[in-house]
Amino acid sequence: MHPPADKPARARDGGGRGAVSRHDGDKDRVARRIGLSHLPARRQAVWLVQDRRRAGYPPRTRRPERGAAVVDFVMVGALTTVFFLAVVQLALVLHVRNTLIDAAASGARYGTLADRGAGDARERTAQLIGVALTADFARDVSTGEASYGGIRTLEVTVRAPLPVVGLIGPTGMLEVKGHAAFQP
């Protein structure tokens with residue numbers, strides 16, 4: 001016997017045979033809507049499954065998917081971490097490159113002053129690199145004269161390691177130059 005349509009089904013305290021859960025009320029509503037309320041509950045369930053199949057829905061399968069969220073989290077988290085570290089390393093490489101260019105240009109400008117020379121430019125460049133980065137980046141600093149558009153310039157060349165992992169990397173892979181015109 002089914003409870004009246006206007007009253008919700010209640011479970012017995014024992015929860016044994018004949019106990020009705022709160023989901024059975026949903027099934028009763030569906031059964032009334034499609035005209036199966038005159039059938040027993042087991043027959044209604046069979047009709048509902050067959051009706052789903054006729055409507056073209058895939059059958060409901062109960063596959064164990066426990067732990068899938070943990071695996072997804074680990075995979076996405078690892079990929080995100082690698083991507084983040086790659087962006088940080090690229091920013092570090094660009095920072096080192098820009099710092100070396102600035103130090104070479106500042107050293108070249110310092111060396112072209114009236115009372116300074118190429119040796120002063122080399123020392124100034126090495127000092128600026130040592131302060132901004134580390135002294136390892138200032139090991140190979142060279143100077144020379146070059147001509148650009150008929151103007152005599154002092155050229156400061158810095159060869160430094162390319163930072164691949166942190167500030168560690170192969171030496172001499174990063175070469176930058178700074179120029180400054182000699183004062184007349």
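FYI, it's all coordinate maths here, none of it is from the lab. A quick note: this is a predicted structure, and the numbers were derived from the prediction, not measured. Heads up, the Cβs are rebuilt from the backbone with ideal geometry, glycines too, and the neighbour counts pull from every protein chain shown.
Selection of the range 118-145 for residues being surrounded by 13 or more Cβ atoms within 10 Å (Cβ to Cβ) and within 16 Å of Gln183 (Cα to Cα) yields Ala118, Asp120, Ala121. For the range 151-184, filtered to residues that are crowded, with 19+ Cβ neighbours inside 10 Å and under 27 Å from the mean Cα position of the chain (by Cα), the residue that is nearest to Ala86 (Cα to Cα) is Pro163.
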